[in-house]
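Enquirer: Can you keep this structure in mind? I'll have questions shortly.
The values are calculated or read from the model by the stated rules, or taken from the named source; none is laboratory data. Every value quoted in this text rests on a predicted model; they were computed, and no experiment measured them. Note that each Cβ is placed from the backbone with ideal geometry, even for glycine, and that neighbours are counted across all protein chains shown. Please note that ligands, DNA and RNA were not included when accessible areas were found on the heavy atoms of the full protein model with its side chains. Shrake-Rupley method; radii C 1.70, N 1.55, O 1.52, S 1.80 Å.
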Amino acid sequence: MKFLTGDDTGLIKVIHVEKQKVERLGDRRRGEAVQRLCWAGPNYSEDAVAVAYASGALELRDAAGRVVSNASTAPDVRCLQASDAGLLTVSSDGTASLVAAWGKESSFSEQSYSGSAEATLEQFQLQAPVAHAAVDPSRPSRFAFGGLENDVKIYDLERKEVVWTAKNVREDSLCLRVPVKVSTLGWATKMCPSRSLITCTTTDGKVRIYDANSQRRPLFELLIGYLVGSGTGGYTGTMDDTKRPQLCSKVAQVRGDQWALLTADTMGIIREYDLRNLPKSEAASVPPGRKAHLKLANKELPFRRGYKGTMGAIRDLDVHCSGKALAAVGLGRFAYVFPTAGKQMLTKVYLKQKLNCVLMSSEAMIEAKKEDSKQEEGEEEQGEDDEVVDVQDDAPAETVADEVEEGFSDDGAEEMDGEESSKGRKKKRRKSFSRQKNEKRTKANN
Amino acid sequence: MVKKFRKRENRKLAIVQQEKIRRRIRENRDAHNLQAPEAGTSFKHIKNKQKRSQMVQLMKQEKKKQKSKVRRARREAEARGEEVVRQEPRSIDKMREADETIVPEEDSEVEEDEAMDEFEKYFQNGKKPKILVTTQKTPSRKMYAFLKELVCVIPNTFYYPRKEFPFKKICEYAGNRDFTDVMLFHEKAGVMQGVYISHLPKGPTSYWRITRMKLGQEMKGGATCNSSHNPELILNNFVTRLGRRLARQFAALFPQRPDFEGRRTITFHNQRDFVFFRHYRYNFKDNGERCALQEIGPRFTLKCRYLQHGTFDARSGEYEYIWRPDAQVSRKKFFV
C-alpha cells in the first residue's frame, strides 16, 4: 500500500506502508505549503500527480517527481479534482480553473519534460468565499461548492452556470437564522445514482444531507456527537461537547459494500457514519435543531465507529480503493493508517512536518496473514531524509501450533460503537472467553 | 482536650518508653546470643501479630544499619580518592520509551521547518518581544501579587486589566498594537490554575497548567529582581518536536540578547513532561570555583495541556497537541 502526503513546508512524500519506506517525490518548492494532491496521469491514472500550493501555483509531477508542467491560479486552493473538462481547481476567493491538458488528455513523453511548460487554464468565477468543492463522481461535468455564508451550489461545467442552490434550514427554536458554515462537501451518487445526494459538513460540527433532485433544503441535519459519538468511539477523556469544525470528510466504500461518510475534526477525532439509509431518506418534517430532528438524524445517519489513536487536528483523509484501509494526516505530524475493520491502527508514520493532504494510491494492500517473524519495530534514521515508521502491529505472532485456520471473518463483530459504552462493556465481559480467542486471531492476522 | 505542654510531655515520655522497650528486647536477644534477622526472612510462621511485627521491625533496623555501613564506606573511599562505583537509580525518565519524534542532533528537515515557523521573525531579526499580561475577569489579590512579580521578571511586559474583553479580541487588539505575545493567567477558587500563551500575530497558542506556585516574596533569603537587565535563558531537555516548538515559544518571550552583568537567569527545565520555572541570581565565588545561586522567584511548575495552531480559538482552532488521559497509559511515554 502506498500513499502520498503533502505538508506545510512544500514537501511531497511517498510512503510505502509494507516496505516501511518514506521517500520524497522530487524537489520541493521552498516555503510554499502543499494544499492539495490529485492523480492526474493520462486518463486520471496514477502516472502523474497534480500538486496545488498555497500560493496558487500548480504543478504536474510524474511518478519520479519531476515537474512536467506548471500553472498558476488564485491562492489558497481548496479543491483539486478530476472533472469532465480537465483538472478542476477551486480557490477560496471563488476563482475556478480548469486545466484541460492535465488528467484526461495528458500524455507525456520524453519531450514534455521541459520542466516549466506552462499549461493553459480556463478560469471562471464562482461566488466567494469557497471552503470546499467536490466533483460528482458519477457525473463529472458538475461539481458542488460552498463556504462560509455561501450555501451549497451545484455548478455545471457544460452549461457554465450554477444549476442548483441549496436553501438554508428553517429558523431554530429561538427564531434565529441558522448560520451557513460549509466546510467540506461530498457526493454519495455512486451509492445511489437515482438521487443527487450531497453530504456537507460544517464548521459547526453538523452534517447536512441534500438531495438536489428533490428539494433545495437539506433532507436533514445531523449534529455530530449528539447522544452517540461524542468521544472517538472508545477514547476516554473529557467528553467534548463543543461543536468542532469538521476539517475533512470523505464518502467511500468501506468493508466491502458498505458506504460510509468519514469525517474528521480539529481535535483529531475521526468518525464514520453509515450511509445505507440515505437512498430512502425522506425530508424531515420537523425542522432541524428540535430534539425530534436530532434523533431522526441519528437514525438516518447512524454513527458507526471512531478511529482511535490520533493526535492533532486531522486535515485530510483518504480511503484505499479496496475500502480496507484509511489514511489520515494532520497537525500532529503523523500519518495514520487504519484498517476499516478492526481496532488496531495498522501503522503510523512520523513525517516531521505539519501535513496538509494525503492521496492514496490504488496499489494493493498486502495483508499479512501468518507472520512467523517479528515485524520491524522501526527504522533508524539514515541521514535526515528517512523517517521512522512505527509499525503498531503487536508482539510476535504465535507459533504455528496456535494459529487459527484461515477464512476467519473480519473483526467487525468485536467493534464497539462509540458511545454505547456501558452496553458495549457488558457485552465485552460476557464475551470474554471468545474475545480472547478472537484477539489472538486478530494478532495473528495482523 | 489535652493541653499543649502536656501533649509535648506525653510525646517525650512515649519516646523514652519506646527506647526502653527496644533496649530490653536487644538485651534479651544478646543474652541468648540470637543474631539479628537477615533481610528477606519470612516471619509467616509467627501467628502472633505483635511478635511478628516486632521481628519484622528488627529485620528492618538491621537492614538500615547495613546500608548506612556501606554508604559510609563508599564516602570514605571517595575521600581517600578511590574509584567508587555507584549504581544508577532506575527512574522513569531513564526508562523513557523510544520516541521517533525526538529530534536528532542535525535534522535538516526540522531546521528548515523551524526556519519557516511563526517564531522565526524573532530569532532571525532579533525582534524585541512585547508581552501583554492579563487575567480572567475577576482576579484575586494573589493574582495581583503574582503578576506584579512577573512583570518585573520578564522584560517589556505590560499588564492590562481584563475588563469585559473576550480573549479573541484581546489577541486581535494586541496584534494591532505590536505586541508579540499575550499571556492570560487564570485562577480557580483563589488558586492559580493555568496560563494561555498566545504568540501574535498568528502564532500558536499553548495552554499550561500551573502548580506549586511560590512567589518571590515568600522566598527566604531570596534576592531582589532588577528588571532593567535582560535575563539569561536556559531551556533544558526539550527534545521532541513538540518540545522544541514549546521551547521556541518560551524563548520568544525573552529578549534575545541577555545582559550578563545582571547575573540573572531564568530556567525552563523539562522533566517528565513537567516544565519547572526557576529564576535565580548567580554569584561566582572563589575565583570561579564555586557558583552560588540565590533564588529570586517566583517559582512554579507548568504542564502543557494543549498546543493550538493559530491565536486563541478554543472552539474552532486546530489542535496540534492535546494532552488526553488515554494518551498517558504508559508511564514512560513523554511528549515534551
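Enquirer: If each residue of separation counts as 0.36 nm, what is the full-extension length gain between residue B:286 and residue B:219 once their alpha-carbon separation is subtracted?
Expert: That pair, residue B:286 and residue B:219, stretches by 21.6 nm at full extension.
Enquirer: Okay, moving on. Using the structure shown, select from B:20/B:47; A:348/B:333; A:352/B:333; A:250/A:354; A:308/B:332 the pairs with a Cα to Cα distance greater than 22 angstrom.
Expert: B:20/B:47
Enquirer: Can you order the peptides A:6-19, A:290-303 by their average number of other Cβ atoms within 10 Å per residue, highest first?
Expert: Ranked by mean Cβ neighbours within 10 Å, highest first: A:6-19, A:290-303.
Enquirer: Count the DSSP beta bridges whose two residues both fall in segment B:111-327, then state the antiparallel fraction as a percent rounded to the nearest 5.
Expert: Around 75 percent of the beta bridges assigned by DSSP in segment B:111-327 are antiparallel ones.
Enquirer: Okay, next question. Using a 10 angstrom cutoff on alpha carbons, build the Gaussian network for chain B and name the most mobile of B:255, B:325, B:139.
Expert: Result for chain B, Cα springs under 10 Å: B:325 fluctuates most.
Enquirer: Per residue of B:310-322, how many C-beta atoms from partner chains lie within 10 Å of its own C-beta, taken as a mean?
Expert: Mean partner shielding for this stretch: 6.
Enquirer: Quick one: 3J(HN,Hα) in Hz for segment B:55-60, Karplus 6.51/-1.76/1.60 with θ = phi - 60°, rounded, Gly and Pro as x.
Expert: Couplings: 5, 5, 4, 4, 4, 5 Hz.
Enquirer: For the pair residue B:209 and residue B:121, what calculated FRET efficiency results from E = 1/(1 + (r/R0)^6), where r is the Cβ-Cβ distance and R0 = 30 Å, to the nearest 0.05?
Expert: 0.55
Enquirer: Can you tell me the Rg and the Dmax, both Å, for the Cα atoms in the protein assembly as shown?
Expert: 32.0, 112
Enquirer: Among DSSP beta bridges whose residues both lie in the protein assembly as shown, state the antiparallel percentage, nearest 5.
Expert: Roughly 90 percent of the beta bridges in the protein assembly as shown run antiparallel, per DSSP.
Enquirer: Working out 0.36 nm times the residue gap between residue B:305 and residue B:96, then minus their Cα-Cα distance, what length gain in nm do you get to one decimal?
Expert: Taking residue B:305 through residue B:96 to full extension adds about 73.3 nm, to one decimal.
Enquirer: Per residue of segment B:62-72, in order, report the coupling 6.51 cos²θ - 1.76 cosθ + 1.60 (Karplus, θ = phi - 60°) as ³J(HN,Hα) in whole Hz, putting x for Gly and Pro.
Expert: 4, 4, 4, 4, 4, 5, 5, 4, 4, 5, 4
Enquirer: Residue by residue through B:110-122, how many Cβ atoms from other chains fall within 10 Å of the Cβ on average?
Expert: Across the residues of B:110-122, the mean count of other-chain Cβ atoms within 10 Å is 3.
Enquirer: Pairs of alpha-carbon atoms within less than 8 angstrom and 6+ residues apart define the contacts here; what relative contact order does segment B:194-336 have, in percent?
Expert: 31
Enquirer: In nanometres, what is the gap between the two model label sites at residue A:21 and residue B:84, each 7 Å from Cα along Cα-to-Cβ?
Expert: Simple spin-label model gives 5.5 nm for this pair.
Enquirer: Would you mind telling me the share, in percent, of accessible area of segment B:19-79 contributed by carbon and sulfur at probe 1.4 angstrom?
Expert: Reported share for carbon and sulfur atoms: 48 percent.
Enquirer: Then there is this: With all distinct Cα pairs included, what does the Kirkwood hydrodynamic radius of segment A:193-309 come out to in Å, to one decimal, could you say?
Expert: Computed over Cα pairs of segment A:193-309, the Kirkwood hydrodynamic radius comes out at 14.4 Å.
Enquirer: Could you work out the relative contact order of segment B:110-216? I mean the mean sequence separation of Cα pairs under 8 Å and 6+ apart, divided by the number of residues, in percent.
Expert: The value is 26 percent.
Enquirer: If you don't mind, there's one more thing I want to ask. When we measure straight from the Cα of residue B:169, which lysines land under 25 angstrom away, once same-chain ones fewer than 8 places off are left out?
Expert: List returned: A:181, A:243, B:121, B:127, B:128, B:130, B:137, B:148, B:188, B:202.
Enquirer: Averaged across orientations, what area in nm² does the convex hull of the alpha carbons in segment B:222-315 project?
Expert: 7.8
Enquirer: Something else: Please pull out the direction-averaged projected area of segment B:1-126, using the convex hull of its alpha-carbon atoms, in nm² to one decimal place.
Expert: Computing the convex hull of the Cα atoms and averaging its projections yields 21.0 nm².
Enquirer: Related question: Can you give me the pair-distance distribution of chain B, C-alpha pairs, 20 Å bins, whole percents?
Expert: 22, 41, 26, 10, 0
Enquirer: Convert each backbone phi in segment A:88-101 into a coupling constant with the Karplus relation 6.51 cos²θ - 1.76 cosθ + 1.60 (shift: θ = phi - 60°), then list the ³J(HN,Hα) values in order as whole Hz, x for Gly and Pro.
Expert: 9, 10, 10, 9, 6, 8, x, 6, 10, 10, 10, 9, 5, 6
Enquirer: Under the rule a/c < 1.5 gives rounded, and otherwise a/b versus b/c splits prolate from oblate, where does segment B:19-79 land using the Cα gyration tensor?
Expert: prolate
Enquirer: Taking 7 Å along the Cα-to-C-beta vector as the label spot, tell me the residue A:280-residue B:4 distance in nanometres, rounded to one decimal.
Expert: 8.2
Enquirer: Hey, another quick one. Using 14 Å as the cut-off for backbone N distance, which residues of segment A:268-285 belong to the label zone defined by a point 7 Å from the Cα of residue A:194 along Cα→Cβ?
Expert: A:278-282
Enquirer: Further question on the same structure: Would you kindly find the accessible area of residue B:326, with a 1.4 Å probe and non-protein molecules such as ligands, DNA and RNA excluded, rounding to the nearest 10 Å²?
Expert: 40
Enquirer: So, one more: At residue B:54 and residue A:125, where each label point lies 7 Å from the Cα along Cα→Cβ, what is the point-to-point distance in nanometres?
Expert: 10.0
Enquirer: Also, quick follow-up: With a cut-off of 8 Å between alpha carbons and a minimum separation of six or more residues, what is the relative contact order of chain B in percent?
Expert: Here the relative contact order equals 15 percent.
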